[in-house]
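Following: one structure in structure tokens, then a few remarks.
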Amino acid sequence: LVNIFQRISNVIIQKSIKEGFGLTITEALWKEKPVVGSDVGGISLQIKDGENGFLLDPFDEKGFADRILQLLQDADLSKRFGEKSKKKVIDNFLITRLLIDYLDLLDNISP
């Protein structure tokens, strides 16, 4: 169900007070959707404010509204954020990236 809603949405909002990694954010980024999210937990690892989405204090309701409207009204900005979002997932969160990092680590600690 989340997948369907993300695919038909123009902006993804993740307004959390606490968050682990936030896989919903990763899925949205992979789908090239701009995200407005709370600056908490793993959301902050995935979104760089002003580059591939917006990060805000979770209690900043006006800020969330302003950023959502900004993305809805600026198709070029939304598209740029979406393109950078997918690249961020490819570069940082795919299993191939993790395997490369793990192999590099093993190479550095082996005699």
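Looking at the structure I just gave you, is LYS33 free of Cβ contacts under 8 Å to residues at least 60 places away in the same chain, touching a Phe, Trp or Tyr at 6+ places or on another chain (Cβ under 9 Å) and assigned to a loop (DSSP other than H, G, I, E, B)?
So LYS33 passes the test.
Tell me whether region 74-88 contains one or more residues that are more than 16 Å from VAL11 (Cβ to Cβ), in a helix (DSSP H, G or I), among the hydrophobic types (A, V, I, L, M, F, W, C) and modelled with pLDDT of 85 or more.
Checked region 74-88: no residue is more than 16 Å from VAL11 (Cβ to Cβ), in a helix (DSSP H, G or I), among the hydrophobic types (A, V, I, L, M, F, W, C) and modelled with pLDDT of 85 or more.
Please work out which residue is surrounded by the fewest Cβ atoms within 10 Å (Cβ to Cβ), limiting yourself to region 72-88 and to residues that are small (Gly, Ala, Ser) and within 22 Å of GLY22 (Cβ to Cβ).
Looking at the filtered set, the residue picked out is SER78.
So, in region 53-108, how many residues would count as being among the acidic types (Asp, Glu) and closer than 19 Å to SER38 by Cβ?
Number of matching residues: 4.
Looking only at region 89-102, filter to residues that are part of a helix (DSSP H, G or I) and at pLDDT below 85; which one of those is surrounded by the most Cβ atoms within 10 Å (Cβ to Cβ)?
Ranking the qualifying residues of region 89-102, first place goes to ARG97.
Counting only residues that are aliphatic (A, V, I, L, M) and touching a Gly at 6+ places or on another chain (Cβ under 7 Å), which one in region 33-66 is farthest from ILE4 (Cα to Cα)?
Ranking the candidates gives LEU56 first.
The values are calculated or read from the model by the stated rules, or taken from the named source; none is laboratory data. These numbers come from a predicted model, not from an experiment. Cβ atoms come from the backbone with ideal geometry, glycine included; neighbour counts cover every protein chain shown.
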